[in-house]
1. Residue 234 passes all but one of (1) open to solvent by 10 Å² or more (accessible area, probe 1.4 Å); (2) over 24 Å from residue 295 (Cα atoms); (3) within 16 Å of the ligand (Cβ to nearest atom); which number fails?
2. Pick out the one residue from 259, 268, 299 that is of a type outside the set (Lys, Arg) and farther than 23 Å from residue 227 by Cβ.
3. Please go through segment 346-372 and give me each residue that is under 41 Å from the mean Cα position of the chain (by Cα), in a helix (DSSP H, G or I) and not charged (D, E, K, R), ordered by number.
4. Scan segment 157-182 for residues that are modelled with pLDDT of 90 or more and in a helix (DSSP H, G or I) and jot them down.
5. Conditions: (1) in a helix (DSSP H, G or I); (2) modelled with pLDDT of 85 or more. Residue 303 meets all but one. Number of the miss?
6. Can you give me the number of residues within segment 256-286 that are over 21 Å from residue 129 (Cβ atoms), touching a strand residue (DSSP E or B) at 6+ places or on another chain (Cβ under 8 Å) and open to solvent by 20 Å² or more (accessible area, probe 1.4 Å)?
7. Just checking, how many residues over segment 368-408 are over 19 Å from residue 327 (Cβ atoms) and at pLDDT 75 or above?
8. Quick check on segment 125-142. Is at least one of its residues among the aromatic types (Phe, Trp, Tyr), modelled with pLDDT of 50 or more and closer than 30 Å to residue 190 by Cα?
Amino acid sequence: MGISVNMPSGSTALALLPLAVLALGLMAYALVHLVRAPSAPYVPKWVWAVVILISVPWGALAYLLVRGRSQTVADTSGPALRAAPEPPASPVPAVRPRAADAVLVSTVGLTRDYGAGAGLFGVDLRVPEGAVYGLVGPNGAGKSTLLSILSGLRRADSGTIAVGVPRTSVAVCPDVPEFEPWLTAAEVVDLARQYVAPALGFDAVREALSSTGLNDVADRRVGAFSRGMTQRLGLAAALVGDPRLLLLDEPTAALDPAGRAEILDLVGGMRGRRTVVFSSHILADVQRVADTVGVLGAGRLLYQGSTRGLIDEHLQPTWSLRLTGPVERIADAFRAQPWVVRADLIDRDRIQLTADTVAHGERGIPSVLAASDAGLISCEPLAADLESAFLALTANSPAVPQILEMRR
Ligand SMILES: Nc1ncnc2c1ncn2[C@@H]1O[C@H](COP(=O)(O)OP(=O)(O)OP(=O)(O)O)[C@@H](O)[C@H]1O
């Protein structure tokens, strides 16, 4: 049996030429797009390349349609990572940057009343430019409400807000960032880049992924990410546009201790280069990186100022010293110091020492010991941390039940 092939006549071939050129052009366009894209949707890039090459023009059409759809859907997650570009919800419009030592974010009498005592009441926030500002408080204290009002995602009932950078320089990362599961980490961050800083190249994506420890999983689909990895991804997407103000809601909440340490180091390293406001109910985290702290309890700002100041103002810092040598004489030497509140001999080799401030204790203890014949076995702070100061500060607060809950 013979096979007959009908070859097109000369005029038919001429008529089909534009279609062939169109198909080849489409294929070339799809291939160029594929090569330049950080990664391909659903399957590896090489699979798409084969499909485009062997099935002209349907492979190219399929690739462009699938790519277009994944980008359109992903774009809807952009605004969640970045302050929405509409005018701010604050009663006062954003203001221009001021001097280097200026306050970058301030609010006056900020109130959002949800009823039944819940919300935010008369908050006067002052965030110094370049600070790492830790917003602490128990569950329900109003941290998320304050951050979402600052980021323009929620409205205040009353009060004013002034932010010293344009809204395009403000990035927000919610406590539970959500992304389309079929996108890769690189695609998520690249979409954020295209949305907030299209002028930056793909290097910005790599840098954001690497600074959040996601380089190795850049091409993995984010649907399979753990909560901790998703939280890092949210941070990477927030960082990609190089924001001047970063608002982070509980950035370490879902991380294991090593992951927490990494993110805290990253946040601490931003001091002076960006202004960071982050909320947390883990006081040790805040003490580790925040130079400025705001304590919220039942929607009210109970303290605002330096982290060290909070400890100094609300605690009489105490250390337990285990010593060798003439311990009684050493206790007397401590009692003679103007900064020592009390020095008690509580064992043959142990002194419990209370200083008026942490700074005096930290400087004074080594110098008294150096001037005596003492040998130091151990020096343990008993109540010189942010948690103790927080509890002392809030002892008379109406938020005490919540605060005690926070310790559990
Ligand atoms: N949209 C809302 N409508 C009514 N009440 C709300 C709303 N959002 C928050 N609240 C209430 O306002 C209070 C403050 O909530 P918010 O989420 O700001 O606190 P938070 O300090 O961030 O708490 P958490 O640490 O649990 O995230 C809570 O009592 C909460 O139940």
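1. (1)
2. On inspection, the qualifying residue turns out to be 299.
3. Result: 358, 359, 360, 361, 364, 365, 366, 367.
4. 169
5. Status for residue 303: all satisfied but (1).
6. 1
7. 1
8. So far as segment 125-142 goes, yes, one or more of its residues are among the aromatic types (Phe, Trp, Tyr), modelled with pLDDT of 50 or more and closer than 30 Å to residue 190 by Cα.
The values are calculated or read from the model by the stated rules, or taken from the named source; none is laboratory data. On a predicted model such as this, the values are computed, not experimentally measured, just so you know. Positions of Cβ are generated from backbone atoms using ideal geometry, with glycine treated the same way; all protein chains shown enter the neighbour counts. The accessibility values were calculated without ligands, DNA or RNA, using every heavy atom of the protein model including side chains. Shrake-Rupley method; radii C 1.70, N 1.55, O 1.52, S 1.80 Å.
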